[in-house]
Each structure stands twice: as C-alpha cells, then as structure tokens.
Amino acid sequence: MIQLTITIELIIIAISILVITNYINFYITRRITKANSHIFIKQAKTKAKSIEKEADFILKEAKLQAKEYILNQQNDFDKRILEIEGEAKEKVKNLKREEKDIHRERSSLKKLQNEYNAKIKESNKVIEKSAGLTREEAYDLIMKRVEDEEQANLLNTVRKYEERAREDSERNANYILAQATTRFAGDFSAERLVNTVKLQSDDIKGRIIGKEGRNIKRLEAILGVDIIVDGTPRTITLSSFNLYRRAIAVKTLEKLIDDGRIQPARIEEIYEKVTKEFDKDTQKEGEEVISEMGITNIHPELLKLIGKLKYRASYGQNALAHSIEVAYLAGIMTAEIGGDEILARRAGLLHDIGKALTHDNGGNHVELGVEVCKKYGEDEVIINGIYAHHEYEEAKTVEIATVCTADKLSAGRPGARREVLENSLKRIKKIEDIALAFKGVDSAYAVNSGRELRVIVNASLITDDESYVVSKKIAKEIEFKLEKFPGDIVVNVIREKRVRSVAKSI
C-alpha cells in the first residue's frame, strides 16, 4: 500500500515536471519569434524605401521621354502645315491662271458666234436675192424637203424594226391565233365535237347516272368528256374537243352497257382495258403507215403519236391523212430533184406530229413536235421540217423545202379542208377588193385558195419603203374585215418600174 502511494506520487511529480518543462519551452519560443518579427519588419521597410526611390526615378525618366516625343510630333505637324499651305497657294495660282484662260476662250467663242450669225444673215440675204424667195418661203421649202426625207427615213426605220419584231412577236402571236382558230372553230362543232351512244332502252340512262349522279360524275372525271343525258330516246351524247378521248369514252360506255355492271370500280377497270387497247391500235396504225412508206427506225412512242393523228382534224382535214399526203408529195418532188426520198417522206410524216399532243399539253403543235422528236432521237433535218413548215426558220435542205411545198399543196387543194365553194369564192373576192381599195394599187390576185394575196402597185405613186407599209395595212384590213379564215394569208406587194426607150435607125 505504501509502495503504491509512493508510485502515484512519483507519477504526479513526473507529470508536473513535464508540464513545467513545456511551459518554459513555449515561453522561450514565443520570445524568440517576437524578436525575429521585429527584424523582418525592419528589413521590409528598408526594401520598400529602396523600391519607392527606384519608382520615382523611372517616373521622372518616362516624363522626360514623353515631353521629348510631344515636342518632336509638334515640330513634324508644324512642318506639314507649312508644306500644305504652300501646295494650296500653288493650286490657287493655277486655278486663277485657268480661270483667265477660260475667260479669254469665252470671249473668243462669243466673237466667233457673232461673226457666224452675221455671215448667216448675209448668206440669207444673198439666197433670197438670187432665188427670188423670202426667208419664210425658203424656210417652208427646206422644211418640206426635210419632211419628205425624214418620212422616207422613218418608213425605212419602221420597216427594219417591223421585220425584226416580226421574227419574235408577230410570228408567234399570229401562229397562236391561227392554231386556236384551227383547233376550236365552231363552224362544224355539232358535227365534229360530239359522238352518240345508242341504248337498248331508256332504263339504262338511270343506271349510267347512278344514285345521286355518282356514276355519271365518275365517268366524266375518268373519261374527260361531257356526258349529256337528255330527252332524246335511247341516246346518250358525248362531247369533247379531243377526238381520241371521245373514241375511248364511246368504247368504254359500250363495254359497260354490255357488261351491265355500271359502278365506279367497274368504270375504272373497263376504262384501263379500253385505253390499253387503243394504245396498241394506235401503235399498230403507226407501224402500218411507216411500213407502207418504207420508213424504218422510228421510236415506238412516235408510232403511237402517228396513230393518234387519226383522231385529230384541222378544218375537217384529218391530220393523219394530211401527213401521209404531205409525205408522199414531198417524196415524189424530192426524188425528181435528186434528193433523199425516204428522208423527205419521214419529215413529211412527222411535220405535224405535235398535233397529236395539243389537246393534252400546253403549247402549239410546232414546239410540241420539236420537243417530242428531240426526245426520241430524230435527226436535225426532221426538226428543221417541223419549224420550217410554219416559217419558224428557213428550210435548210431540199427535202425540207419539198415538205413545206407539199404542206401548202395538201392544205390548199380544193376540197382538202371543209369549206363551202360559194363561201370560198366570196372570201377570195373580198380579199381582192380590200387590196384594190388602197391608193396606188393597180391589181390584186388571191391565189393558193385564198392563202396568198399578190398585190401589184404603181411604181410612180408608191416607193419601195411605202410598199412595205401598204402590205402591212392590207394585212391589217383583212384581219379586221374578214371574220374568220383558215390558216394565214400572206400579202405580197409587188412594185416594178420599167423604162422603155427606142433607138431609131437613120
């Protein structure tokens, strides 16, 4: 027990000694640190003063450099100002000298103008005295001559511009009008634009119309024709400008009536079958035509279009029959003059191929024909034939020249295009009378079934330039006074002056 007590006391003493030792170490360390901080602060202050002195030195040096730079710039500026002022003074001197020169030139020009006016007055007096005319009379005479000369120049200018404009605008405008007339003239609309379908009984009309008109609306939408169901017994009328569509529509209706099932789904089915049959028939028709003519290597799509020409007419003349006629005529004429007969036939057959497309596509048949022939690889000679037969461009080969001639012969021969003889004669007479009513016209003759008017004028009354104006006026008068006429009428004015002298024998 006594030993335990001694041990505890020893431990307490040891701990006390340890605490006292640590306190003494802390106190000694703190004192040392405090002494060192005073040293560090003193050193920092010394260094700061050194830096401050160095900064003052640098600042003073910078100020000196800035003052020196400003002084140099000021000197350069003053020097440049002096140079500019000198240049400006020199330019002012030059301007003053030029102004004096201009003033002298003006004075000289004024003097020359006065001299010129005086000489003009003097020359006028001399002219009046020598010609026996007053100044006003001479002026009127000169103005009359100038007016005549200017009128001739004006007519010449008008003629040149008219010819240039005609190539672009008049040709296209006249052609569009002619084609519109050709396609849609109403003289024979009742005969040419409708087909009828005969019915076994009037009960079928109700089935064709359908509930609430459902069947007839579908038929018109698919077939592209107008279906007229009126009071005519056992008859339905189909109306359309497109002969090909009407033919398909007639065949479709006949098959539907025979089948008995008239409903929208069946209508479409029958229409597709009939259309395929017509495509085969038109291609077969085209193949037969080229076989008869000895023509080969024509694209199948062009063969279909040739067959479709059978369903196209112009003033009652069937387009396919016309094309075949032109092809044969062109071939005969080409063979006679030593050209390529087969090429001429090919060009003649295809010259109106665009007419097979005019009802389904926009544009005139010339442009459509050129487009489709280029598409299917036809030669440039064929393209030239399509353009040339309506004077879009000149014929470039003898074959195309014969095609153009054959086209006019086929269209212009008596009976080719539907027109009553009496009306034709009246129209020809009226065309000639229109031309004869113009001053200076000696005679006028309508030829080529009235498609060309030849006018002979008096050469002593009408000049070459005036003859062009007369031609234009006659053409305009024909357009105004004739209500309608097939194709174009070409007005040719002929002026010829002959001088005859006789050498008498002694």
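I'm checking my understanding of the structure. Among residues of the stretch 318-330 that are farther than 20 Å from ARG245 by Cβ and not aliphatic (A, V, I, L, M), which one is surrounded by the fewest Cβ atoms within 10 Å (Cβ to Cβ)?
Once the filter is applied, the top-ranked residue is TYR328.
Conditions tested, residue by residue: (1) hydroxyl-bearing (Ser, Thr, Tyr); (2) in contact with a Lys or Arg (Cβ under 9 Å, 6 or more places away or on another chain); (3) buried (at least 18 other Cβ atoms within 10 Å of the Cβ).
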{"residue": "ILE434", "(1), (2), (3)": "no, yes, yes"}
{"residue": "PHE438", "(1), (2), (3)": "no, yes, no"}
{"residue": "GLY450", "(1), (2), (3)": "no, yes, yes"}
{"residue": "LYS476", "(1), (2), (3)": "no, no, no"}
{"residue": "ILE489", "(1), (2), (3)": "no, yes, yes"}
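When only residues in the stretch 201-213 that are touching a residue at least 12 places away in the same chain (Cβ under 8 Å) and in a helix (DSSP H, G or I) count, which is nearest to LEU253 (Cα to Cα)?
Per the criteria, the residue is ILE208.
Name every residue in the stretch 478-502 that is over 30 Å from ALA313 (Cα atoms) and either assigned to a helix (DSSP H, G or I) or modelled with pLDDT under 75 (or both), in order of residue number.
Once the filter is applied, which keeps residues that are over 30 Å from ALA313 (Cα atoms) and either assigned to a helix (DSSP H, G or I) or modelled with pLDDT under 75 (or both), the stretch 478-502 yields LYS497, ARG498, VAL499, ARG500, SER501, VAL502.
Given the residues THR334, THR358, which is the only one that is among the polar types (S, T, N, Q) and part of a helix (DSSP H, G or I)?
Result: THR334 is the single residue among THR334, THR358 that is among the polar types (S, T, N, Q) and part of a helix (DSSP H, G or I).
Could you tell me which of the residues LEU302, LEU309, LEU329 is within 37 Å of the chain's Cα centre (by Cα), assigned to a helix (DSSP H, G or I), over 30 Å from ASN215 (Cβ atoms) and at pLDDT below 85?
Within the list LEU302, LEU309, LEU329, the selection yields LEU309.
Looking only at the stretch 248-294, count how many residues are on the phi > 0 side of the Ramachandran plot and either among the hydrophobic types (A, V, I, L, M, F, W, C) or in contact (Cβ under 8 Å) with a residue 24 or more places away in the chain (or both).
1
Considering only residues that are on the phi > 0 side of the Ramachandran plot and among the acidic types (Asp, Glu), which ones fall in the stretch 208-247?
Across the stretch 208-247, the qualifying residue is only GLU212.
Considering each of ALA221, ALA249 in turn, give the residue that is touching a strand residue (DSSP E or B) at 6+ places or on another chain (Cβ under 6 Å), modelled with pLDDT of 75 or more and either more than 30 Å from LYS304 (Cβ to Cβ) or aliphatic (A, V, I, L, M) (or both).
Answer to the selection: ALA249.
Of the conditions (1) closer than 27 Å to SER240 by Cα; (2) at pLDDT 90 or above, ARG346 clears all except one; give me its number.
Condition not satisfied by ARG346: (1).
Tell me which of these GLU391 doesn't satisfy, since it passes every other one: (1) at negative phi; (2) surrounded by fewer than 19 Cβ atoms within 10 Å (Cβ to Cβ); (3) within 32 Å of the chain's Cα centre (by Cα).
(1)
Would you check which residues across the stretch 312-325 are under 32 Å from the mean Cα position of the chain (by Cα), in contact (Cβ under 8 Å) with a residue 60 or more places away in the chain and assigned to a helix (DSSP H, G or I) and list them?
HIS322 - this is the single residue of the stretch 312-325 that is under 32 Å from the mean Cα position of the chain (by Cα), in contact (Cβ under 8 Å) with a residue 60 or more places away in the chain and assigned to a helix (DSSP H, G or I).
Please work out if VAL197 is outside the structural domain of ALA313 (by TED's automatic domain parsing), touching a residue at least 12 places away in the same chain (Cβ under 8 Å) and in a helix (DSSP H, G or I).
no
Which one of ALA475, ALA444 is under 12 Å from ILE434 (Cα atoms), assigned to a strand (DSSP E or B), at pLDDT 85 or above and not polar (S, T, N, Q)?
Going through ALA475, ALA444 in turn, just one is under 12 Å from ILE434 (Cα atoms), assigned to a strand (DSSP E or B), at pLDDT 85 or above and not polar (S, T, N, Q): ALA444.
May I ask you to list the residues in the stretch 331-362 that are surrounded by fewer than 23 Cβ atoms within 10 Å (Cβ to Cβ) and more than 21 Å from GLY307 (Cβ to Cβ)?
Passing the criteria: ILE332, MET333, ALA335, GLU336, ILE337, GLY338, GLY339, ASP340, GLU341, LEU343, GLY362.
Being in contact (Cβ under 8 Å) with a residue 12 or more places away in the chain, surrounded by 20 or more Cβ atoms within 10 Å (Cβ to Cβ) and within 30 Å of ALA347 (Cα to Cα): is that true of ILE306 here?
Spelling it out, ILE306 is indeed in contact (Cβ under 8 Å) with a residue 12 or more places away in the chain, surrounded by 20 or more Cβ atoms within 10 Å (Cβ to Cβ) and within 30 Å of ALA347 (Cα to Cα).
When you go through ILE236, ILE216, ILE227 one by one, which is the residue that is assigned to a helix (DSSP H, G or I) and under 46 Å from the mean Cα position of the chain (by Cα)?
Exactly one residue qualifies, and that residue is ILE216.
Mind listing whichever residues of the stretch 428-470 are hydrophobic (A, V, I, L, M, F, W, C) and closer than 16 Å to LYS497 by Cα?
VAL441, VAL455, ILE456, VAL457, ALA459, LEU461, ILE462 - these are the residues of the stretch 428-470 that are hydrophobic (A, V, I, L, M, F, W, C) and closer than 16 Å to LYS497 by Cα.
The values are calculated or read from the model by the stated rules, or taken from the named source; none is laboratory data. No experiment lies behind these values; they were computed from the predicted model shown. Note that each Cβ is placed from the backbone with ideal geometry, even for glycine, and that neighbours are counted across all protein chains shown.
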